Amino acid sequence: MGVKILGTGSYLPPKTVTNDDIAAALDTSDEWIYSHTGIRSRHVAGEGESTSTMAAEAGRAAMAAAGVEPTEIGLIVLATSTADYNPFPSTACIVQDMLGCRNAGAFDLQAACAGFVYALEQARGFVNFYPDKKALVIGAECLTRVLDWTDRSSCILFGDGAGAVVLGNDEAPGAASMKTKAHTILGADGAGAHFIQRTGGCREALPAGAGGVPGKSVPRIPELTLKGHDVFAFAVRTLAKVSSELCEKLGTTPGEIDRVFAHQANGRIIEAVARRMKLPLSKFWLNLETTANTSAASIPISLDQAVRAGELREGMKILMVGFGAGLTYAGTYCTWPEL
């Protein structure tokens with residue numbers, strides 16, 4: 001009874017770029033990239049693919065798994081940092097049309113790599129108070145189109161893809177809030193906003209033109225910049241802290257967790273978090289060797305892969321935890337598939 005995940009879905013573009021492919025263009029090697037990141041290859045959106053098309057594929061798969069018709073969806077929340085347009089219309093609206101979810105409200109949510117957990121919490125509130133409606137939560141990214149492919153420190157890290165879940169509720173409005181089955185922490189540390197940035201936007205004023213009217217803007221190509229060492233330290237410290245706090249609030253211990261779905265940013269980060277939590281690495285779902293960092297899509301892709309592999313089953317205690325630009329961080333502890 002209550003709010004639960006009814007189905008999962010994911011999509012990864014067929015095209016892949018290996019470390020050897022990158023090494024053919026840059027001064028690096030497969031050995032160096034893998035030893036520093038745990039990544040061997042990444043999926044790259046091809047011609048005709050975008051954040052919206054990947055999100056729609058993942059959403060369609062999740063609805064099929066849940067046995068839910070498009071007209072039953074009352075809300076679409078799309079977590080992404082790589083919208084089809086900058087910044088409007090929202091990619092969620094494009095996905096709504098692609099899927100035929102004509103009864104759904106739709107909006108994008110931008111919390112970088114922690115975005116899926118943020119979006120999940122938004123949707124959980126919606127289906128709690130509207131139990132006759134379903135919510136579609138998607139994390140989707142087309143990160144390979146915002147990278148500087150001459151920058152070895154950043155271009156090796158990211159890939160494209162999408163993951164989705166369908167949420168439903170079989171209780172009366174507001175009832176689930178009386179007996180919450182999951183606990184969530186959402187947080188941010190804006191002092192670290194400069195650690196991960198994509199340039200551009202409306203921060204700078206346009207040059208003055210005749211009569212004080214702004215002149216024509218000069219087109220600039222936005223670029224992703226990353227301070228890797230600062231991000232690494234923040235990630236390890238924060239993921240371990242959030243995980244411990246969630247366990248404490250629910251009166252349990254990390255050792256009782258069956259599976260951890262941590263944001264797949266870097267293999268060394270996950271290994272360090274596992275050591276801090278005193279958990280075997282085998283409890284962490286790992287797929288970044290072939291997906292790389294897919295930002296907001298990372299956790300839902302992992303969930304879907306685990307479900308379809310038969311490794312995420314009803315009654316398992318799981319932790320979903322991520323961090324990203326902002327800096328943002330978020331975690332949810334639940335008993336699958338209940339929220």
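The values are calculated or read from the model by the stated rules, or taken from the named source; none is laboratory data. Remember, predicted model here, so these are calculated numbers, not experimental data. Using ideal geometry, Cβ is built from the backbone for each residue, glycine included, and neighbour counts are taken over all protein chains shown.
Within region 169-213, the set of residues being modelled with pLDDT under 70 and basic (K, R) comprises K179, K181.
Condition check ((1) of a type in the set (S, T, N, Q); (2) outside the structural domain of A272 (by TED's automatic domain parsing); (3) closer than 23 Å to G228 by Cβ) across all residues:
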| residue | (1), (2), (3) |
| --- | --- |
| D21 | no, yes, yes |
| S35 | yes, yes, yes |
| V68 | no, yes, no |
| L75 | no, yes, no |
| T82 | yes, yes, yes |
| P89 | no, yes, no |
| N103 | yes, yes, no |
| A111 | no, yes, yes |
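Only helices (runs of 4 or more DSSP H) whose full extent lies in region 221-339 are considered here, and the ones with at least 1 residues that are buried (at least 20 other Cβ atoms within 10 Å of the Cβ) and modelled with pLDDT of 95 or more are 288-291, 298-308. Residue by residue through region 71-92, note down the ones that are of a type in the set (G, A, S) and crowded, with 23+ Cβ neighbours inside 10 Å. Correct list: A79, S81, A92.
I'm trying to understand the selection: among the residues of region 22-65, which are in a helix (DSSP H, G or I) and more than 20 Å from E141 (Cβ to Cβ)? Scanning region 22-65 gives A23, D30, E31, W32, Y34, S35, H36, M63, A64, A65. Picking from residues in region 93-145 that are under 12 Å from the mean Cα position of the chain (by Cα) and within 16 Å of A62 (Cα to Cα), the one that is surrounded by the fewest Cβ atoms within 10 Å (Cβ to Cβ) is L120.
Taking each residue of region 114-130 that is within 14 Å of L78 (Cα to Cα) and looking for partners that are in a helix (DSSP H, G or I) with beta-carbon atoms closer than 7 Å, six or more apart or interchain, yields G115/A296; F116/A296; F116/I299; F116/P300; V117/I299. Total residues in region 139-154 satisfying the condition of being in contact with a strand residue (DSSP E or B) (Cβ under 6 Å, 6 or more places away or on another chain) and assigned to a helix (DSSP H, G or I): the figure is 3.
Each residue in region 77-130 was checked for being assigned to a helix (DSSP H, G or I) and either over 19 Å from T144 (Cβ atoms) or in contact with a Gly (Cβ under 8 Å, 6 or more places away or on another chain) (or both), and 26 pass.
Every residue, every condition in (1) touching a strand residue (DSSP E or B) at 6+ places or on another chain (Cβ under 8 Å); (2) within 23 Å of P131 (Cα to Cα), yes or no:
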site: V3; (1), (2): yes, yes
site: G7; (1), (2): yes, yes
site: D20; (1), (2): no, no
site: A25; (1), (2): no, no
site: H43; (1), (2): yes, no
site: S50; (1), (2): yes, no
site: P70; (1), (2): no, yes
site: V77; (1), (2): yes, yes
site: A83; (1), (2): yes, no
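Return a yes/no flag: does region 17-29 have any residue that is touching a Phe, Trp or Tyr at 6+ places or on another chain (Cβ under 9 Å) and of a type outside the set (A, V, I, L, M). It would help to see each step written out before you state the result.
Restricting attention to region 17-29, the residues satisfying the condition of being touching a Phe, Trp or Tyr at 6+ places or on another chain (Cβ under 9 Å) are 19, 22-23, 25-26.
Now restrict to residues that are of a type outside the set (A, V, I, L, M): 19.
Yes, that holds for at least one residue.
Within region 155-175, take every residue that is in contact with a Gly (Cβ under 9 Å, 6 or more places away or on another chain) and assigned to a loop (DSSP other than H, G, I, E, B) and give me the one that is nearest to T80 (Cα to Cα). Checking each candidate, the answer is L157.
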